[in-house]
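The next block holds one structure in the form of structure tokens; read it before the comments.
The values are calculated or read from the model by the stated rules, or taken from the named source; none is laboratory data. From a predicted model like this one, the values you see are computed outputs, not experimental measurements. Quick reminder, even Gly has a Cβ in these numbers, built from the backbone with ideal geometry, and neighbours come from all protein chains shown.
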Amino acid sequence: MREADLKLLLDAGEAAGEIAKRYFKADPETWDKGDGQGPVTEADLEIDRMLNAELLAARPDYGWLSEETEDGTARLEAERVFIVDPIDGTRAFINGESSFSHALAIVERGEVVAAVVHVPIKGLSYAATLGGGAQCNGAALNVSGQAEMAGATVLTRKPDLKPEHWLAPHGMKHNFRPSLAYRLCLVAQGRFDAMLTLRPAWEWDVAAGDLIVREAGGVVATTVGATTRYNNAHPQLAGMVAGPEKLAENIIKALQPAAKRPIAGLIIPNGA
């Protein structure tokens, strides 16, 4: 079933990419969603409608969570749920940058079991199934062997590496990509050592990349060290760290307590 689900997501990701390419650098109509949520374009909305129609037609018993669809409670009762971001990195898309992506995941009782991140302008399709490894365009993925923070390359916002967030100098090198899903995939590929966000992360931005990192041999946790779980009533996680196990552990230990900002509604395991 998971292989069939993965094929479904791969096909849907490719279809999303074809829609995105029609609008890319073509001045799509754009709106601001307000309340600090950022922009949305006609491409986001068309892709969302397509994904909703195609995926739920194929799996009508699955729940649905998308950045561009009004949320409801029905998904909380579903055994399996689609979690999608029609365009992750919408600002990059609007600006004509190639590093936006389409992020698609299937979550089963809180755990991601199939995932695809498609980066259409770069011609990249990252994919994983639970227990089946991670690939990019068919080539197996593995996280880097980096263990120490000093010298590690980290995909994050530059403010997240400011000294006030850390117990001591960390020595990590800053890099950035606008799409959280793509950042996670680059870590899975070993091109960068870790991904960090101190901001709360929406599930649709990170669910797909989460599994891809794990299946590439890495670990993913919130900034307080909690295991990531998905399809929460409030679909947001309290920040995220991803990378090789030892490096991720070191990053979490090195953060100032004030930098670890759990959010309302997030359940933190005892001792995390």
Can you find, within segment 59-81, the residue that is farthest from residue 130 (Cα to Cα) among those that are of a type in the set (A, V, I, L, M) and in a strand (DSSP E or B)? 65
Just give me the residues in segment 138-168 being of a type in the set (D, E, K, R) and in contact with a helix residue (DSSP H, G or I) (Cβ under 9 Å, 6 or more places away or on another chain), in sequence order. 148, 160, 164
Only one of these is in contact (Cβ under 8 Å) with a residue 40 or more places away in the chain and among the small types (Gly, Ala, Ser): 53, 12. Name it. 12
What number of residues in segment 1-49 are out of contact with any strand residue (DSSP E or B) (no Cβ under 7 Å at 6 or more places or on another chain), modelled with pLDDT of 95 or more and within 20 Å of residue 112 (Cα to Cα)? 4
With respect to residue 121, determine if the residue is at pLDDT 95 or above, β-branched (Val, Ile, Thr) and farther than 27 Å from residue 216 by Cβ. no
Would you check if residue 43 is more than 14 Å from residue 9 (Cβ to Cβ) and surrounded by 20 or more Cβ atoms within 10 Å (Cβ to Cβ)? yes
Positions within segment 199-230 being over 19 Å from residue 130 (Cβ atoms), touching a strand residue (DSSP E or B) at 6+ places or on another chain (Cβ under 8 Å) and not polar (S, T, N, Q), in sequence order: 200, 201, 202, 205
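Here's a check for you: in segment 85-138, which residue that is among the polar types (S, T, N, Q) and within 19 Å of residue 48 (Cβ to Cβ) is surrounded by the most Cβ atoms within 10 Å (Cβ to Cβ)?
Taking segment 85-138 first, the residues among the polar types (S, T, N, Q) are 90, 95, 98-99, 101, 125, 129, 135, 137.
Now restrict to residues that are within 19 Å of residue 48 (Cβ to Cβ): 90, 101.
Working: 90: 24, 101: 37.
Once the filter is applied, the top-ranked residue is 101.
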